[in-house]
Amino acid sequence: MIQFLQSTLDGLLIGGVLIVLSLGMSLAFGVMRIVDFAVGEWLMLGAFAALLLTGGLHWEPLLVTPIVFVLFFGLGYFFQPLLERVSGGKRAHANLMGLVLTFGLSQIIRGGALMGFGRDNHSLKTGLSDLTYFLGPLIVPGAKLVTFIAGFALTLAFLYLLYRTSVGLRIRMVAQDKTSATLLGVETGRINNLVYGLHVGLTAVAGVFIGMLFTFNPEVGARYALYTFFVVVLGGMGYLPGVIVAALGLGLVQSYVTAYLDPRYISLAAFAILYLVLVISPRGLLRRGLE
Amino acid sequence: MSRPALGRLLGGAALLLLLILPNLLPVFWMRIATETLMWAVLAVSWNLVGGYTGYLNFGHAAFFGVGAYATALFTVKAGVPFGVSLLLGGGVGGILALLLGLPTLRIRGAYFAIATWAFAEAMGQIATIWEGLTGGSEGLRMPALADNRPFYYLMLGLLLLTLLGLHLLVRRSKYAYWLVAVREQEDVAKAMGIDVFRAKLMVFVLSGIIAALAGGIYAYWITIITPKEVFKVLITDNSVVMSLFGGLGTFWGPVLGAAVVHLSARFLWLSYGSDVVYIVAIGVAVCLVALFIPNGLLGLLERRRKGSAFAPQEPEASR
């Protein structure tokens, strides 16, 4: 029983980080209808950026997250027009080229990181890993607790931006109907830049959280891309509340499989569930995603 | 001399050269030539689905890997002669494609891409975990053959057979129009009475059989097969990149793409001694193609001449 409660708690704590990882991607799909194949590489790059920053500044990794966010927001903001160029408008294979371009980008980032950092594992040193709390008989590692709280706060801030500000209103207008939004005076191009910037920024920050909890190297992108796709698809692509449910669900699946089966089955379970959901209900478990 | 006659002459000369190539090249370059032929087969078979119907299969490695394992298992565990087990391996690939295609070809766009990717990764995981059958990450060992030339001719034969099949399919039958109709406007195609699903499933199964045959030949050639090797993402990635590079939905594009991409990859590897440079170079190349020549190298050439019927047309408006 205690083992069950402990793995439930662990799963939920990791789930908090997975939410941050997937929110941006789901929003980007909702607004731009683009699936970002480079999502895992943005995450990996975020972790490495934090590694360089903490190494230079001797700060706690959590304190450099604002810098990482701003940096990657900028990268995404200025990369998006290229994405718009290949996927928007009257071009051959418009629907395929978004996938293709982000795939090419992921190769550049992965190869570049391999050149710069080699294949070794790294981790972000944090004083938080010395802290441990107890909740009755349950163990709560400090680093996991703090990243969960930070992730939760970030999610709330993100939802506030989206549902309670005028920028958020415009983002939702574009997501709902691009043409009408344009007719009503929304600058669709700017909103797209902003959304992709937010996505890249959030994903990179999730990378910092991941780097505080686990080791990472330039090739971890694929694994986290799987997690992101899993969460975004199960939640229903473009449907944000679904992301929260699915991320916590994935955290639990991961933690139960590790506790009761064999960690080797995690990827198999995730891939199998992802595939089955796509076949049975491509719009997500709650059937609220976009076509 | 008229254009078709010139083309035939050049084609004949190229074929002759390919047939006598093993007598001209040293062993090392034979290996690279065989690899290039294999990539051409994989790219053409990927393009059959991705280029002609617009369904991006991001799990092409599943067919290759299953073909390799099936062929190896029939040879090693059941003692079937290689030629027969190769055909059986191709059959297993076809059945897998049928089973995968039946549910998966009903979903569209990005969802299809993600679903096939997840499926292929799951297959790789199963091959790793199911140690009793596959030997796990240690892999399976095939009897080795001292002479490498048969594999060159096998790959060449498979490529020619594939191209012949493609020629009959897209240049001599109504299916070509069906497939392009599916790619350009699937709903309209359906409304006009085209059995869209049958057309998609047919090419998907064909593509699976071809990739599985390539996997089977590869297994016997390389003699030690591991899940990491035959299910690796690079197989899918290269098939996509080569098709794209040469020209999606064109007849010769993927062959051209395979030759250009693989030979430059080997060149980079020889000059820098690592595959890391290659990863970056391929990423840059893919981005440039997506940004500037979405119809690939052949698209660039075709534009100067008359537009080919099946080269992707600029759509009237995006959906």
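Computed over the alpha-carbon atoms, the range A:137-242 gives an Rg to Rh ratio of 1.05, Rh here being the Kirkwood radius from the mean inverse distance.
Amide hydrogen proximity for A:Thr132: with H placed 1.01 Å from N in the peptide plane, the residues at 5 or more positions away or on another chain lying under 5 Å are A:Gly142.
In the range A:1-71, carbon and sulfur make up what percent of the accessible area (probe 1.4 Å)? Carbon and sulfur together cover 77 percent of it. With no solvent and one point per C-alpha, what does the Debye sum give as log10 I(q)/I(0) for the range B:91-222 at q = 0.15 Å⁻¹? These q points yield log10 I(q)/I(0) values of -0.91.
Think of it as helices only: each DSSP H run of n ≥ 4 in chain B is worth -39500 (n - 2.57), and spread over all residues that comes to -25500 deg cm²/dmol at 222 nm. Temperature 4 °C, viscosity 1.567 mPa s: under these conditions the Stokes-Einstein estimate for chain A, based on its Kirkwood radius over C-alpha pairs, is 67 µm² per second. Summing both sides, the accessible surface hidden between B and A at a 1.4 Å probe radius is close to 4100 Å².
Which whole number gives the average, over all residues in A:107-117, of C-beta atoms from other chains lying within 10 Å of the residue C-beta? Don't jump to the answer; show the numbers that get you there.
Values: counts 12, 9, 3, 4, 10, 4, 3, 6, 5, 1, 0.
The per-residue average across the peptide is 5.
Accessible area per residue for chain B, computed on protein heavy atoms with a 1.4 Å probe, is 44 Å².
Dipole size of the range B:3-231 about its Cα centre, with +1 on Lys/Arg Cβ and -1 on Asp/Glu Cβ: approximately 660 debye, rounded to the nearest 20.
The distance linking the range B:123-191 with the range A:26-96 is 35 Å (Cα centroid to Cα centroid, whole angstrom).
Rg ratio for chain B: its Cα radius of gyration over 2.2 N^0.38 Å, N being its residue count, equals 0.99.
May I ask you to order B:140-152, B:205-217 by the average number of other C-beta atoms within 10 Å around their residues, highest value first? All intermediate terms of the calculation are to be shown ahead of the outcome.
Values: B:140-152: 14.1, B:205-217: 28.5.
Peptide ranking by packing, descending: B:205-217, B:140-152.
Magnitude of the charge dipole for the protein assembly as shown, about its Cα centre and with charges confined to Cβ atoms of Lys, Arg (+1) and Asp, Glu (-1), is about 1560 debye.
Considering all alpha-carbon pairs of the protein assembly as shown, what whole percent are spaced by more than 38 angstrom?
Numbers: 61226 of 185745 pairs.
Tail of the P(r) past 38 Å holds 33 percent of the pairs.
State to the nearest 20 debye the size of the charge dipole of the range A:21-221 about its Cα centre, where the only charges are +1 on K and R beta carbons and -1 on D and E beta carbons. Numbers along the way, then the final one.
Details: 13 positive and 9 negative charges, 115 e Å.
With Lys and Arg at +1 and Asp and Glu at -1, about 560 debye.
Simple rule: put +1 on each Lys or Arg Cβ and -1 on each Asp or Glu Cβ in the range A:21-221, find the dipole, and look at A:Pro218, A:Ala94, A:Leu23; the Cα lying farthest toward the positive end is A:Ala94. Note on chain B: dipole from Cβ charges, positive end direction compared against B:Thr236, B:His167, B:Leu98; the farthest Cα belongs to B:His167. Placing unit charges on the Cβ atoms of the charged side chains and taking the dipole of chain B about its Cα centre, the candidate lying farthest along the positive direction among B:Leu9, B:Pro81, B:Gly247 is B:Leu9. If you line up the long axis of helix A:61-87 against the longest principal axis of chain A, both from Cα atoms, how many degrees apart are they, to the nearest 10? For helix A:61-87, the angle is close to 30 degrees. Counting only DSSP H runs of at least 4 residues, each contributing -39500 (n - 2.57), and dividing by the residue count of chain A, the helix-based mean residue ellipticity at 222 nm comes to -26000 deg cm²/dmol.
At the listed q of 0.10, 0.16, 0.17 Å⁻¹, the Debye profile of the range B:1-133, built from one uniform point per Cα, gives log10 I(q)/I(0) equal to -0.50, -1.00, -1.06.
The values are calculated or read from the model by the stated rules, or taken from the named source; none is laboratory data. Computed from a predicted model, the values in this text were never measured in an experiment. For neighbour counting, all protein chains shown are included, and Cβ atoms are generated from backbone atoms with ideal geometry for every residue, glycine included. Surface areas here come from the heavy atoms of the whole protein model, side chains and all, with no ligands, DNA or RNA. Shrake-Rupley method; radii C 1.70, N 1.55, O 1.52, S 1.80 Å.
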